[in-house]
1. Scan the range 252-266 residue by residue and report those that are surrounded by 12 or more Cβ atoms within 10 Å (Cβ to Cβ), more than 23 Å from residue 319 (Cβ to Cβ) and of a type in the set (S, T, N, Q).
2. Mind checking which helices (runs of 4 or more DSSP H) fall wholly inside the range 1-79 and carry at least 1 residues that are out of contact with any Leu (no Cβ under 9 Å at 6 or more places or on another chain) and among the acidic types (Asp, Glu)?
3. Considering only residues that are under 25 Å from residue 231 (Cβ atoms), assigned to a helix (DSSP H, G or I) and touching a residue at least 12 places away in the same chain (Cβ under 8 Å), which ones fall in the range 131-169?
4. For the range 294-319, which positions are of a type in the set (A, V, I, L, M, F, W, C) and touching a residue at least 60 places away in the same chain (Cβ under 8 Å)?
5. What are the pairs, 6+ residues apart or on separate chains, where a residue within the range 326-349 that is within 30 Å of residue 311 (Cβ to Cβ) has its Cβ under 7 Å from a residue that is in a loop (DSSP other than H, G, I, E, B) and among the aromatic types (Phe, Trp, Tyr)?
6. Can you name the condition, by its number, that residue 153 falls short on among (1) more than 30 Å from residue 389 (Cα to Cα); (2) among the aromatic types (Phe, Trp, Tyr); (3) at pLDDT 85 or above?
Amino acid sequence: MDPRKYNIYFHTHTISGIFIAALLYVIFFAGSFSFFKDDIAAWQKGRSETGHKFAPPYNHLLDSLSQRYDLRGRNFNFYLLRQGQGAYVDMTTSQDTTVSKPKPKPRKEERRRGRGRRGDDDSAYFRYHFADKKAGDYSDSYDMAEFLYRLHFLAQMNQIGINIGTPFGYLVAGIVAFLFLFALITGLLLHWDKIKSNFFLFRPMSKWKTVWTDMHTVLGVIGFPFQLVFAVTGVVLIVNFVLLTPFAHLLYNGDSEKLFESLQYNKTVKVDYTYKPMSGSFDMDAFVAKWQEEWKDAQISRIYIRNYMDESMQVSLEAKPDPKANFAGSGYLTVNIADGKVLEQKSPNDGGNYIDKVKSLVYHLHFGDFGGKPLRIVFFFAGIDRLCSHYFRHYDLARGTRQGRYGNPQAQV
């Protein structure tokens, strides 16, 4: 290889790796264990999250809420957990002005951090566990599994008071993912000429410097396909708003909400409130069970209720197919409850469009949720491989810096 190109690849690969060293180690360590998020949560809480097979008690939940709130005209968002063991419930204030309470002015001394409603006791945001029919706020359900999962994309750094228009931790995680992708590509170019010979070159009986270098090269080549997948999908997932913002200005006149709705990230359900009570009752358990039976090879992931018990009441469902039955796809449904008319419908089992295929590919490859526990174990060891390769290289760099061995990059081959 031309010495000039080699020096460029060497220095850019090394510097980018040094910049992200500590944070990348944290991201891969937490991410590797996050493949077993549900198992860790079950172990810590002493209860299985997959062993309970039952119909979610939505009616019981609504009845419980009705004892504390007047539910007329409220909107509900149910974000179901992956294993179906519970849901995060977001209840807004009522659209009916005769029911809703005026919002109190927030006081500075009551300012707090974390998820949940702030300064508005007429709305609610909580997690509801279906098995024991208990509700709790986000802090009540926060466990080691949730900590590791959020640490994986540096969510805790969002608490740093740096206002840059986007959560600080997510931005840092996105920059780390991008620099990691850059380091992978420059590392591949750096070792390209000798990638085959170096892959089979391991000299454990040689000096320690050689052992560290060989371990870094061999483990890096073995894990390169996995690391490339994690880097690309990580960039797309964590900084997609940066990638998509130019298209919002180009195609949607700066309306990013409309862009994200077109890409099926958000779904806006706007219904005018009529102030006319709906005749009869609404059996949410039966409604959800009916469509879950209709979409047997899919799992309902979100439920939206608009204008509860008003004549204009609508319920929308979103569903994701089982990867074993349909790798790519998404489903949604909107029903006008008063007359039972289906306003829009797309089955998650009919095969997805282009957007479904791209999003499913990115999500499934990053989360490793399409091959059961064996695949998660493979992905776990791929992450550990990255940690070891990362450690060996930076340990070698630290030793070499102290001993003055890194004045000439060509001498490191």
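1. Selection gives 256 alone.
2. Filter on the range 1-79 gives 37-45, 58-66.
3. Selection gives 145, 146, 148, 149, 151, 152, 155, 156, 157, 158, 169.
4. Answer for the range 294-319, where residues must be of a type in the set (A, V, I, L, M, F, W, C) and touching a residue at least 60 places away in the same chain (Cβ under 8 Å): 300, 303, 305, 309.
5. So the pair list comes out as 331/295; 337/282; 347/295; 348/295.
6. Residue 153 satisfies all of (1) more than 30 Å from residue 389 (Cα to Cα); (2) among the aromatic types (Phe, Trp, Tyr); (3) at pLDDT 85 or above except (1).
A quick yes/no check of all residues on (1) closer than 30 Å to residue 283 by Cβ; (2) of a type outside the set (A, V, I, L, M); (3) modelled with pLDDT of 80 or more:
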{"site": "1", "(1), (2), (3)": "no, no, no"}
{"site": "6", "(1), (2), (3)": "no, yes, no"}
{"site": "20", "(1), (2), (3)": "no, no, yes"}
{"site": "25", "(1), (2), (3)": "no, yes, yes"}
{"site": "32", "(1), (2), (3)": "no, yes, yes"}
{"site": "37", "(1), (2), (3)": "no, yes, yes"}
{"site": "49", "(1), (2), (3)": "yes, yes, no"}
{"site": "64", "(1), (2), (3)": "yes, yes, yes"}
{"site": "67", "(1), (2), (3)": "yes, yes, yes"}
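The values are calculated or read from the model by the stated rules, or taken from the named source; none is laboratory data. Just so it is clear, the model here is predicted, and its values are computed rather than measured. Note: ideal-geometry Cβ built from the backbone for every residue, glycine included; neighbour counts use all protein chains shown.
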